[in-house]
Structures are given as structure tokens and as C-alpha cells.
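Data block below; observations after.
The values are calculated or read from the model by the stated rules, or taken from the named source; none is laboratory data. Remember, predicted model here, so these are calculated numbers, not experimental data. Cβ sites come from the backbone with ideal geometry, for glycine too, and all protein chains shown count toward neighbours. We work out accessible area using only protein heavy atoms, side chains counted, and drop any ligands, DNA or RNA first. Shrake-Rupley method; radii C 1.70, N 1.55, O 1.52, S 1.80 Å.
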Amino acid sequence: ETGKQDVAKTKLVVGADATFAPFEFTDPATGKYTGFDVELIQAICEEAGYELDFRSMGFDGLIAALQTNQIDAVISGMTITEDRKKIVNFSEPYYKSGLVVAVQEKNNQIKNFDELQGKKIAVQSGTTGALHAEKATSKDKITYFTSSDQAMLELKNGAVDAVVMDYPVTAYFIQQGNKDVKMVGEILSAEEYGIAVPKEKTETLEKINTALKTLKENGKYGEIYKKWFGE
Ligand code: ARG
């Protein structure tokens, strides 16, 4: 193949909180980052001609890292919200999600979101789950964790009554053998995940959107989706 020359690619520094399986997490077997978001951003970089530099950091620091140009983009199961859109730009949505309430399997008291009033809730800091928990109960009943795993452990240990977190992550957690946890009630508020970029990096955003569109059209997006979500 002659067309391929050794041209230095532009680096894309992408931040994520890699404690959010199946979107971004460390594969225990290989020690490498893996998940739906990780494979999607790899494919986007390949398509757009970027060299990917993937970095994990706390979720509640990701937007600040974008604003201070420490990173060029965020892919982290991050919900596109009006508040975040004031500070950063988002790509076209790449995943439809929502929040759910998780309780211990043996809990027959909490059956839905409305029954969280006065209950102890664990959440991940800076997330839409945390915002919803704050609407459901008073702030002094909420315990904030840096990672979603920690919030789930707190529930398993019985230190809190519930966790409010993204449905696909909660479902995956239970499916991975945590049968002492269950989901109750409806999936709350339809949310969509997007890739966030600093406001001024309009060219980066365009490249990401173009690549995402191509991957949706050429079946690559569908392939990655199927691998992680089965359909
Ligand atoms: N979707 C939720 C939000 O945007 C939670 C995302 C948490 N992501 C993570 N990688 N920990 O607030």
C-alpha cells in the first residue's frame, strides 16, 4: 500500500472517568481501558485521523479539565444537559440513557423514585444521578463518591438505602454477579450521552461529528453497540 505515509497525527487528549462499566473501565484481565465509549472514541479517532491519548480522571473534574484545555474532549457516559451546554459543546448524541433507582434485593420498602424522601442515597459526585437525588431527598441524606463503584459498594454494605445512577451501568453491575442489588420503578428522565469539547474547539467538534456520522452509516457504530449491549 503506497498511500500510507508516516505522517504525524494530531493528538486528541480524551478524558473519562474509567469506573463506569460498560462504558469505560479497566479490563481486569489486561489492565487496559475498555468499554463502549473507549471503543467508540478509538473508532472516531481512527476515522478522523487523530492519535488518541486516553486519560482517566474523576468525573466531577472533567468539565474543568476541558475548560482549562488540559484535555481536548470528554467521552464518559456524559449526559447532554442544558447547564453543561452553557460551558462546553456536545457532539451529536451517541447513546440514549436514563437514570434508575437501585436498592438491595431484600428491600421491599422503596419501590420507586417518589419513595426516596428521607432515605439515605449514595451517588457519584457531579452526575445527573446526584442532581436527581438532591431533588428526591435532603442533601444531608446523600453520600457523594468519586466513583460509581464506591456508591454501589455502599449500597451492598447496607450503609445507604439506595443509589441513583444511569440505568445501563446499574443493569450491567447487577448482571456481573451482584444479585444482592435490584432496580426498582421506572427509568427516570430520558438522557442522551454526548462527547464534550471546549467551546472554542469548533473544528474538533466538527471532526468528531463527521466521524460519528460515518461510523453510524458504515455499520462500525452498530458493531461496537452490539458487542457491548447485545442488540
Ligand atoms: N450520565 C451521568 C452524567 O452525565 C453520569 C455519568 C458518569 N460517568 C462516568 N464515567 N462516571 O452525569
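Things to note:
- You can think of it this way: the chain between Lys199 and Glu186 has 1.2 nm of extra reach, that is 0.36 nm per residue less the Cα-Cα gap.
- In the full protein context, region 97-191 carries 47 Å² of accessible surface per residue, based on a 1.4 Å probe and ignoring ligands, DNA and RNA.
- The chain shape via C-alpha gyration tensor axes, a/c threshold 1.5: prolate
- Rounded to the nearest 500, the helix-only mean residue ellipticity at 222 nm of the chain stands at -10000 deg cm²/dmol, with each DSSP H run of n ≥ 4 adding -39,500 (n - 2.57).
- Taking the chain and dividing mean pair separation by its residue count, relative contact order in percent (alpha carbons under 8 Å, at least six apart): 28 percent
- Protein heavy-atom accessible surface, 1.4 Å probe, per residue over region 1-88: 50 Å².
- Computed in the context of the full set of protein chains, the accessible area of the chain at 1.4 Å probe radius has 47% of its extent on carbon or sulfur.
- Taking 18 Å as the straight-line reach from the Cα of Lys213, the lysines in range (excluding those fewer than 8 positions away in the same chain) are Lys96, Lys226.
- DSSP beta bridges in region 97-191 [antiparallel fraction, %, rounded to 5]: 65 percent
- Between region 161-227 and region 67-91, the Cα center-to-center distance that results, in Å: 14 Å
- From most to least packed by mean Cβ count within 10 Å, the peptides 48-54, 70-76 give 70-76, 48-54.
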